[in-house]
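Reviewing the structure listed below.
The values are calculated or read from the model by the stated rules, or taken from the named source; none is laboratory data. In this text, all values refer to a predicted model and were calculated from it rather than measured experimentally. Here the Cβ is made from the backbone with ideal geometry for all residues, glycine too, and neighbour counts use every protein chain on show.
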Amino acid sequence: MMSSGISENASRKRRASGTGSYRQENKILKWQGKQYRTFTNKLVPAKPQPERKVSCKCSYKCRSLTYKRKLELYKQFYETDSAKQGTYLTGLINIGNIKKRRRRGTYELAESSQCQCSIFYTVPDGSGNLVLVCKRTFLNIFAIISKKIEILVKKKKKMGETY
């Protein structure tokens, strides 16, 4: 039966084998931090490189990292695929116990407080040592959003080291 010029056994067009799908290509571009277009044809800009200036005034060693080192970490991070990126970031995030609890709420027991742990962010300095940095610098170096960190911390608490 033909209705309005389309046969019942007509199929969708597919790309030639070996070229991959449009969504897969966009997924890879997104992992690499490059510019891509969404399904609705919106242009998503490339991930920005780390800022040259230090963006915080914290007590950590953010100032000891050179711009060149930040750029190396950024490039190294976006050369890997998504799963390895998550595992790499999870390895740089450390979860520790709270050293000093300050009572700032209406809770009676410490277990009922929202803050149950401290999160420390480290970055390799190039000589084999890890340098403690603040969250803002960590996000700036890898050009990621805070939500990504929250998800990784939640998974690390739940499962351990792997992503």
Residue pairs meeting the criteria (Cβ under 8 Å; at least 6 apart or on separate chains; first assigned by TED's automatic domain parsing to the domain that holds residue 92, in the stretch 135-153; second among the aliphatic types (A, V, I, L, M) and assigned to a loop (DSSP other than H, G, I, E, B)): 137/54; 137/65; 139/145; 141/65
Hey, residue 91 surrounded by 12 or more Cβ atoms within 10 Å (Cβ to Cβ), at pLDDT 75 or above and in a loop (DSSP other than H, G, I, E, B) or not: no
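Residue-by-condition table, conditions (1) in the same structural domain as residue 124 (by TED's automatic domain parsing); (2) out of contact with any Lys or Arg (no Cβ under 6 Å at 6 or more places or on another chain); (3) modelled with pLDDT under 80; (4) farther than 14 Å from residue 138 by Cα:
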site	(1), (2), (3), (4)
2	no, yes, yes, yes
7	no, yes, yes, yes
11	no, yes, yes, yes
20	no, yes, yes, yes
23	no, yes, no, yes
28	no, yes, no, yes
35	no, yes, no, yes
39	no, yes, no, yes
65	yes, yes, no, no
Some residue of the stretch 48-67 being closer than 20 Å to residue 81 by Cβ and of a type in the set (Gly, Ala, Ser): no
Of the criteria (1) among the polar types (S, T, N, Q); (2) within 23 Å of residue 54 (Cα to Cα); (3) at pLDDT below 90; (4) surrounded by 13 or more Cβ atoms within 10 Å (Cβ to Cβ), which one residue 122 fails: (3)
